[in-house]
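The values are calculated or read from the model by the stated rules, or taken from the named source; none is laboratory data. From a predicted model like this one, the values you see are computed outputs, not experimental measurements. With ideal geometry, Cβ positions are generated from the backbone for all residues, glycine too; neighbour counts draw on all protein chains shown.
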Amino acid sequence: MNATRGVRWLAALGLAVAAATTGCTAATDDDGELGALAAAPARRPDALPIVVDSDFAPDDLLALAYLLRHPGVRVVAVTVPATGMVTCPRAGDLLARLAVAVEIADPVQIACGRRSRVPHGLEWPAEWVRAAENPPLAAVPAGVRPPVWAAGTDPATLMLRLARAHEGLQVVALGPATELATALRRDPVGYGRIARIVAMTGAYEGPSQSPGAAEWNAAADPDALAGILAGPVPVTAVPDEAIPRDLLEPLADRMGMLAPLVDAAGTVHWDVVTAALVTDPKAASTVRGSWSVDVSEDRGRLSRRGPGVSEVVTGVDEDVLLAPIRTTIADG
């Protein structure tokens, strides 16, 4: 997120908060309040087991809503990277509020990383953190018990445990790769049981988001990204420049209580696109290879070194992506 985009995002957040209290910009019910989403499609028996590694920015919340409701996905856990924009305990509160808002009944466990400094990582701008910690998302009503609980362990341990328990487990990384890199260092064999990682991260051919930060998820812990790209699990990296602008705008007035989050996330919905590419990978054009990561000057800049198993997305088919988003988190 560059400085200009960050200003737009903060301005949009203020407008979205106002909309959430007045019921002016999103679909409303007869009482003028933001309407509920349609019932989630029934989950398929062959649903893909997924861990979502998220730092809970507004676009992460939209992506989480998509994955929690998608019939082809079973979210078995949510992990929170220690280097992310929003950390615990705030992230746990936001997950509970989201689960209630989108009427998720299946239990979801959450594991939180402990904040620590990393060698070449950049700190998130304080104003972005403050905005992300206060998204336009309704509080959990009194007396309602959300289907969310603490896993009682750290994210890396939980990922390794779930990789052993679930054949074909995938990780959707919507924040810095800190916890994935920790799992790789701790148990390379167990980490290798993960089938695939799909990560919103880095920049390949596009401009940098900020001076010194090619892309902020990567810039927060570029060494971690370099580590997982060199690891045994195939990574699909979705860089900033591959994300279409204004993708969700045509659907915003049909997204009920999620509509204010569309405005709060701004014009670029990085994580929703990444989540949709998990369920519809054929919508992406990619370059496959082995990859290096700039860790000190243009943090998160990806460079192809030669043949390899990981890939970087270079473009997406917007029409293909919009179809599952429309049926999962919009009103059909």
Hey, does region 284-291 have a residue that's surrounded by 24 or more Cβ atoms within 10 Å (Cβ to Cβ) and more than 13 Å from V198 (Cβ to Cβ)? no
R193 passes all but one of (1) surrounded by 17 or more Cβ atoms within 10 Å (Cβ to Cβ); (2) in contact (Cβ under 8 Å) with a residue 40 or more places away in the chain; (3) more than 18 Å from M85 (Cα to Cα); (4) not hydrophobic (A, V, I, L, M, F, W, C); which number fails? (2)
Within region 247-261, the residues that are of a type in the set (A, V, I, L, M, F, W, C) and more than 17 Å from S54 (Cα to Cα) are L247, L248, L251, A252, M255, M257, L258, A259
Just to be sure I understand, how many residues within region 275-315 are touching a Pro at 6+ places or on another chain (Cβ under 7 Å) and either under 18 Å from G72 (Cβ atoms) or assigned to a helix (DSSP H, G or I) (or both)? 3
Any residue at all in region 17-31 that's of a type in the set (D, E, K, R) and either at pLDDT 50 or above or in contact with a Pro (Cβ under 9 Å, 6 or more places away or on another chain) (or both)? no
Please work out if G202 is closer than 19 Å to S290 by Cα and either crowded, with 24+ Cβ neighbours inside 10 Å or out of contact with any Phe, Trp or Tyr (no Cβ under 9 Å at 6 or more places or on another chain) (or both). yes
So which pairs qualify, if the first residue must be in region 206-224 and closer than 11 Å to D240 by Cβ, the second must be surrounded by fewer than 24 Cβ atoms within 10 Å (Cβ to Cβ) and acidic (D, E), the Cβ gap must be under 7 Å, and the two must be at least 6 apart or on different chains? G206/E241; S208/D298; A214/D294; A214/D298
Report whether or not A150 is at pLDDT below 95 and either farther than 23 Å from P222 by Cβ or touching a Lys or Arg at 6+ places or on another chain (Cβ under 8 Å) (or both). yes
Residue count for region 299-310, restricted to those that are surrounded by 19 or more Cβ atoms within 10 Å (Cβ to Cβ) and not aliphatic (A, V, I, L, M): 4
Taking the stated definitions as given, is D331 among the charged types (D, E, K, R) and more than 20 Å from D53 (Cα to Cα)? yes
If I ask for residues that are part of a loop (DSSP other than H, G, I, E, B), surrounded by 18 or more Cβ atoms within 10 Å (Cβ to Cβ) and small (G, A, S), which ones from region 138-172 would you list? A151
When region 181-190 is examined, which residues are found to be over 16 Å from G113 (Cβ atoms) and in contact (Cβ under 8 Å) with a residue 12 or more places away in the chain? D187, P188, G190
Can you name every residue in region 219-233 that is in contact with a strand residue (DSSP E or B) (Cβ under 6 Å, 6 or more places away or on another chain) and not β-branched (V, I, T)? A219, P222, L225, A226, L229
